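Just so it is clear, none of the values below were taken in a lab; they were calculated from the coordinates. Just so it is clear, the model here is predicted, and its values are computed rather than measured. FYI the Cβ positions are ideal-geometry reconstructions off the backbone, even for glycines, and counts take in every protein chain you see.
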Amino acid sequence: MGLARWAIQIILLWMFLASVALAVTNPADTAALRAVRVGWTSSNLNWNGDDPCGGWQGIGCDGQNVTSLDLGDFRLGGRLLPAIGDLVNLRTLILAFNPLITGLIPSELGRLSNLEFLGLNSNRLDGSIPPELGLLTNCTWFDLSENNLSGELPVSSGIAGVGLNNLTSAIHFHLNNNSFVGRVPEEISVLPNLIHFLVDSNSMSGEIPAALANLPSLEILRLDNNNFSGPFPNITRLSGTLHEIHIRNNSFTSFPDISSLSQLLFVSMGLNRFPPQALPSFSTLRNLQSLELDGSNLSGDPSALLLISTLETLSLASNNLNSTLDLGNTSPSLTSIDLANNRIPEVSRAPPSSSYSVTLGGNPACNTPNLPSYINCSSNALGNEAWRPRQNCSSTNRICPREEIFNEASCTCGIPYILRFQFNAPTFSAMTSDRNEALRSEIARGTGIFIDQVWVDNFVFTDNFRFNATVAFFPPVGVRELSDQVKTDILRRYVLHTIDLIGFDPYHVFPIDLGDVTIRNGNGGLSAGAIAGISIGAVLVVLLVAGYAIRQKFRADKAKQATNPFASWGGGGKDNGEAPVIKGVRSFSFADLKKATSNFSSSHEIGVGGYGKVYKGFLLTGEVVAIKRAQAGSMQGAHEFKTEIELLSRLHHKNLVELVGFCFEHGEQMLVYEYMAGGSIHDHLMDQSKVFSWNKRLEIAIGSARGLSYLHELANPPIIHRDIKSSNILLDEMFVAKVADLGLSKVSMADEGKTHVSTQVKGTLGYLDPEYYMTNQLTDKSDVYSFGVVLLELLTARPPIENGKYVVREVRTALARGGLEEVIPLLDSSLEGYSARDLKRYLSLAMACVEEAAAQRPSMNDIVKELESLLGSSGGFRGSSIGGGEFHAISLYDDDSVALSSAGAFEYSGGYHISSKVEPK
């Protein structure tokens, strides 16, 4: 009897503890979550049952209260509804990296008085910031970056109202990459804990308030890529804290005094309206690693800067530097020097180490014969390609079992947990092996694992001074895979930024192909004896519920077959494999799209191509979309269509036309894209009634170049477009250029120089890379050639082939015949607002893109940098420069012979027969 009584007590104890552990979530929180869910669309979100704290995805609880909502990179679409403000116990709200979340930020968010972490970045939210967000006085991380937000930054005045200056706990303030206007509010200077103030890449204007120097903890200040003007205020009071200052690409009229800011590591101040002045020495900046002052009206000798012992990268392109360059006594830390487009007459001594390149294109020094190999005489700085760490295990057998990956750190195999990091304000602009080891060490320290379990790879610097990297977390040696609990812990630490990566903050992080892992907070624990007792009782309970669970599983599987649109992925009832692994796109029914287009009415038809017809559609959510409906002859097999969806769904960039969703039923294949109200640049260039200014053409070129650079460098895996042309570059309602029509795209090879051997040449005549055509060797430089043709099309407003004349050959012949003067008649007659110097730089870039040999063409990353520099320095047209013959007979090439078409050169208007193998898009 004693034993029986003891067993009964144990079971009762277990039932009591289980009832506490499985307590139903606070009903108010449950109701709020259900109301919020109404505004979202997602094929990935599985909120079943009545207890959010009992296992709902992305929900974290403390007892019965919902304290965390983390659905970052969860393929959500729709809007944020006001009911989100009813989750009054929420401390963490992360909805980042869901680019289909649109609409306004509800003012009710201000009711979340306990909120400490707000991450709404990398979506498509619009409208202005509600002033009520200033009520989030406990919020330390405030991130609304990379959205479509607009308006001025709201602040309170005096004791009335509320605004962002009330966020007194804020440490991180990220508002970059939006469309905010107006000034930087002086009131922001009262935030005592702010270390990161990022408002770069907006449309803000006015003068910077002097009170900004009152921020006692400020480490990173990013004001770049805006319209700020006037003299830059005195910021010497930040001498003890400021690590980075970015004011590039504005209209400041005075050079900031940074001589006393001894903690500075990164300085970016180029492309402003500084008056002519001598180059400062910056000798007091003893920790400086990167200095960027291109297009800053500077003169003098840069040699003193080369002595700064910590300096790694230096960019002084497009200035008036005119002294002999002495490289004989330079810092051993230097990795890159860009002095292109100055007036440097010669180089006097070689550097002590030839491990870096000196870019001198556009300087008289490049006219010297037999220049050494470390001199780069193009106008494009080298060294901004993706950086890969050295392989440590070259002699080891790298063959791994299925699903496992080779770990270069430990020379063993395992299944890694992979995260993608975006570092938003690196203090450097070049990756090195030592810095890679430092980052691995920081990640291992913060994660609590050994350094040989961490491998960091695929470093890519973006065109706005950020860099991305892939981090693989491997299991210990002898273990195949990390447990879900360990993965959850790793992700939670980095998403919530509980780990400071010293030297690499701030950062964003998101998983790559992460499985469904629920993050749940909990307090306290149970003793070993209690756990043992519970285990005994649990056995009995399991026996009771097992039959019920099996029955419920059978019913759920049956229901899933009936309701899941991917239950039998294929056509004609035949299963053709698993449903596509999609990220951030929706599955539409045929009925949805039929209704959106009024039964595919001709009145909705906006285009037709080889794929089929394109319709303008109006979804029930209010979204306007473009629907590409495949015609019978262009249908793909289920596997090919699935592969295309998986590829397109992984691509998210503001200069790529976004895939919204797809339809695959009733024998239909349809792709649903965001609607581009501005049409294609081809349509605009061919319409004589529409006039593009010089700067607008540059902005279009920059936007489309950024989209292509993303495909080549940041997409995973890298993508080669294969059909770049002016009709595949579309404009939205704000005339932002976006690359479209990835239907011919090819996954780039990870090795062999990104080369793919094609059995059939595909593309569009006039834009087709001649090397690709002749060798079937497809590389990312094939896209560069096509983009070069588009650059010439933007300049001339002529199609690539017209009346038997090929624009590339026409421009090349004109340059060879008489220089820039001979090219002027080929330009669009409505083009104005440019200078002869800017035109020369633009043509140099375009002709470099259409070099016959792919190896001589620049990368898209280089093209982006050169176009941005060109836009920043563009001024009024100086007709007298051409009339006076300033550029007459000046070759745009280092070797004049390159400018001439040889007898064997590829030509569309003669000299080569175009095989029927070429398939126009």
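Summary of computed values
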read-out	value
√(5λ) per eigenvalue of the Cα gyration tensor, segment 93-155, largest first, Å	18, 14, 9
Packing rank of 667-676, 366-375, where each peptide gets the mean count of other beta carbons within 10 Å, highest leading	667-676, 366-375
At 1.306 mPa s and 10 °C, Stokes D of segment 282-379 from Kirkwood alpha-carbon radius, µm² per second	120 µm²/s
Residues residue 126 and residue 605, FRET efficiency given R0 of 22 Å [Cβ-Cβ distance, rounded to 0.05]	0.20
Local net charge near residue 405, Cβ-Cβ under 12 Å (Lys/Arg +1, Asp/Glu -1)	-2
Inter-label distance, nm, simple model (7 Å from Cα along the C-beta direction), residue 631/residue 324	7.0 nm
Computed FRET value (nearest 0.05) for residue 590 with residue 281, which takes r as the C-beta separation and R₀ as 51 Å	0.15
By average C-beta atoms within 10 angstrom, highest first, the peptides 110-117, 64-71	64-71, 110-117
Stretch gain in nm, segment residue 774-residue 716, where the contour uses 0.36 nm per residue and the Cα spacing is subtracted	18.0 nm
Per-pair calculated FRET efficiency, R0 = 22 Å: residue 211 and residue 157 via Cβ, rounded to 0.05	0.90
Candidate aspartates and glutamates - alpha carbon under 15 Å from residue 865, same-chain residues fewer than 8 apart omitted	224, 292, 294, 338, 385, 463, 699, 713, 838
Distance violations [Cα-Cα > 26 Å] among 613/781; 696/725; 594/654	613/781; 594/654
At q = 0.13 Å⁻¹, base-10 log of I(q)/I(0) for segment 586-674 (Debye sum, equal scatterers on each alpha carbon)	-0.39
Approximate shape of segment 200-344 as ellipsoid semi-axes (Cα gyration tensor, √5λ), whole Å, largest first	25, 18, 12
Spin-label model distance (nm) - residue 150 vs residue 666, 7 Å beyond Cα toward Cβ	3.6 nm
Of all DSSP beta bridges in segment 118-194, antiparallel share, percent nearest 5	10 percent
Packing rank of 334-342, 322-330, where each peptide gets the mean count of other beta carbons within 10 Å, highest leading	334-342, 322-330
Pairwise label distance in nanometres, residue 350 with residue 493, each label 7 Å out on the Cα-Cβ vector	4.8 nm
